[in-house]
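To keep things clear, I will list the structure first and then write my remarks on it.
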Amino acid sequence: MTMTKTTEDRDPMDPVRMASLKHWGDLPEGASERMTDEAEVDCGWGRLIFGQTYGSPERLAEAIRREAPGHRDVALYIRDPHVVVALAPQQLFLDPSHTFRLALRAAPLEAPPAAGLRIRAARAEDEAAVNRIYLSRSMVTVRDGFFADAQDDAALLLLVAEDADSGAVLGAATGVDHVVACNDPDAGASLWSLAVDPQGTRPGVGEALVRALAARFRARGRSYLDLSVMHDNAEAIALYEKLGFERVPVYCVKNKNPINEKLFVGPDSFGELNVYARILVDEARRRGIGVEVLDAGHGYFRLGLGGRTITCRESLSELTSAIAMSRCDDKRVTRRVLTDAGLRMPEQMFAGSRDALRAFLARHGRVVVKPARGEQGRGVKVDLRSLAEVERAIAGARRFCEDVIVEELVPGEDLRVVVIDYRVVAAATRSPAQVTGDGRNSVRTLIAKQSRRRRAATGGESSIPLDAETRRCVESAGRSMDAVLPAGETLVVRKTANLHTGGTIHDVTERLHPELAAVAERAARALEIPVVGFDFIVPDVEGSAYAIIEANERPGLANHEPQPTAERFVDLLFPQTRGQA
């Protein structure tokens, strides 16, 4: 059927018309002269291919199959995606994402600016920071030099959100102008690669980026803004629906590749594995190593290749001996082994008599109380300054372990260094949980909101407990849980930087002083442990001063992207597969 309506007569917001009209052989009369043939836009991570500009499904299928290695192309606006996939079913698949559309002419985009945020056009020098955020979100990074090239591409609109105080990049979004890209007669635009730093504490970054991009396209006279989102990404879908986006019947087709393998191979039986086990299982599967999940709830799995099998619990494997594990398990033993090796650790004492505690506190002024055995920060209290606080903390720590240590508080940054096969693979500073005020919500509400963001960013592994320790930290800062924090003011709500209690982590591998790397490797050899995470306190990651706080025999390797922790772990277990990652 030939359509005769003019561009002005047609409703550009009719999603059914958009999905069924703009395609080969069925465009409005004269539209083929206006639209660019076989249009595509380089988005840095791959091409956005405009399916409606192709003359036949065969030509479109051929274009999608030309995807470059390491890229992830997206073909959108296809009338008959099932026909395109049927032309190359071994190579193409229908992406399990929904398309949402915002009618820009009627959208209420105005909103008070998010406290502490600044939205601006991306610059070439933002590329590394944005790629770091993409990696932390398991997204494909842009090619080298893309941000510089994008400045000259009128079809692209790259925005970043930065912290108004520090200038740090907190998020990014890519917009594509369809009028420039393909002479779109319906004057559309689309949003891609929205990503927010999972370690950020500023609220509203994603919403601010979407509103800013939509407002800029509306100012250009664009009629709608489309986006594609995974069907099970409930958090993102809730945000888009809140902003007025509505789902439309528009589908995309992709080329099968290792990056998007999870989208077309179907569900596996490993769904209950936590993120720390999952990252290792996924890396093993990519190399053709067999995986058998033994106890998903506790992170146990077995890997096998040829005649070799190795059982693991997350990053703890059979290659870690019982002796090495026991040296890390008891913090008193850890200290003895490492100090015997000439390495610096804080002074400790066993929680004994009251007089001894009083003398230790008088000597150091500020102390830490921790169970002699345990993990994930359970029972740890930091920055205690009175004997009464110390005694209460000891009683609390004994709920986790009868033996309790009192340790001098060493000031400085909390640094985690991961050593695999006696080589440093990753280093990251860790910051205690904190919230940033908005002038409207109470500290309690801000904590709950930040916890939701941390859970979403870590697969449910990180959240801020609303417990007595959090209340103690808030009150020691002169606030109450019901106080309204002024806009832009930051409040530290935990003393420890443990990720399980809402702490954040920031990669510093490239900045790590060589002496600190050498110390970590010496410590691993002293403990005779092939995979370990050391907690340091350092005045400066680029300096050589340090104190080792403890050793973790089962470090969370998923916390250290973009560093190749999972790759190096599987290299250790199955060295014959090196280079297959």
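The values are calculated or read from the model by the stated rules, or taken from the named source; none is laboratory data. Model, not experiment: these values are computed from the prediction. Reconstructed Cβ throughout: ideal geometry from the backbone, glycine too, with neighbour counts over all protein chains shown. Accessible surface is based on the protein model in full, side chains and every heavy atom, while ligands, DNA and RNA are left aside. Shrake-Rupley method; radii C 1.70, N 1.55, O 1.52, S 1.80 Å.
Which of the following residues is of a type in the set (G, A, S), in contact with a helix residue (DSSP H, G or I) (Cβ under 9 Å, 6 or more places away or on another chain) and either open to solvent by 20 Å² or more (accessible area, probe 1.4 Å) or without any contact (Cβ under 8 Å) to a residue 12 or more places away in the chain (or both): G70, G55, G51?
Working: G70 fails: in contact with a helix residue (DSSP H, G or I) (Cβ under 9 Å, 6 or more places away or on another chain); G51 fails: either open to solvent by 20 Å² or more (accessible area, probe 1.4 Å) or without any contact (Cβ under 8 Å) to a residue 12 or more places away in the chain (or both).
Selected residue: G55, the only one of G70, G55, G51 that is of a type in the set (G, A, S), in contact with a helix residue (DSSP H, G or I) (Cβ under 9 Å, 6 or more places away or on another chain) and either open to solvent by 20 Å² or more (accessible area, probe 1.4 Å) or without any contact (Cβ under 8 Å) to a residue 12 or more places away in the chain (or both).
Picking from R59, R120, which residue would you name as being farther than 29 Å from A234 by Cα and charged (D, E, K, R)?
R59
Confirm whether M325 is in contact with a Leu (Cβ under 9 Å, 6 or more places away or on another chain), in contact (Cβ under 8 Å) with a residue 60 or more places away in the chain and open to solvent by 50 Å² or more (accessible area, probe 1.4 Å).
On the way: in contact with a Leu (Cβ under 9 Å, 6 or more places away or on another chain): yes; in contact (Cβ under 8 Å) with a residue 60 or more places away in the chain: yes; open to solvent by 50 Å² or more (accessible area, probe 1.4 Å): yes.
So M325 fits the description; yes.
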(request) Would you check which residues across the stretch 162-185 are farther than 15 Å from V196 by Cα, of a type in the set (D, E, K, R) and either in contact with a helix residue (DSSP H, G or I) (Cβ under 7 Å, 6 or more places away or on another chain) or part of a strand (DSSP E or B) (or both) and list them? (result) D177, D184
(request) Determine if the stretch 95-116 includes at least one residue that is among the polar types (S, T, N, Q) and either free of Cβ contacts under 8 Å to residues at least 24 places away in the same chain or touching a Leu at 6+ places or on another chain (Cβ under 8 Å) (or both). (result) yes
(message) Of everything in the stretch 368-390, what is open to solvent by less than 30 Å² (accessible area, probe 1.4 Å), part of a strand (DSSP E or B) and touching a helix residue (DSSP H, G or I) at 6+ places or on another chain (Cβ under 6 Å)? Give them in sequence order.
(response) V369, P371, L384
(request) Look at the stretch 546-564 and say how many of its residues are farther than 18 Å from E375 by Cα and either of a type in the set (K, R) or at pLDDT 95 or above (or both). (result) 1
(request) Filter the stretch 185-197 for residues that are open to solvent by less than 10 Å² (accessible area, probe 1.4 Å) and within 22 Å of G44 (Cβ to Cβ) and give the result. (result) G188, A189, S190, L191, A195
(request) Check A497, A457, A518 and return the single one that is surrounded by fewer than 16 Cβ atoms within 10 Å (Cβ to Cβ) and in contact with a strand residue (DSSP E or B) (Cβ under 9 Å, 6 or more places away or on another chain). (result) A518
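Please work out if V281 is under 25 Å from H231 (Cβ atoms) and assigned to a strand (DSSP E or B).
On the way: under 25 Å from H231 (Cβ atoms): yes; assigned to a strand (DSSP E or B): no.
No: the conditions fail for V281.
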(message) I'd like to check which strands (runs of 3 or more DSSP E) are fully inside the stretch 399-508 and have at least 2 residues that are under 30 Å from A277 (Cα atoms).
(response) 413-420, 423-431, 434-436, 504-507
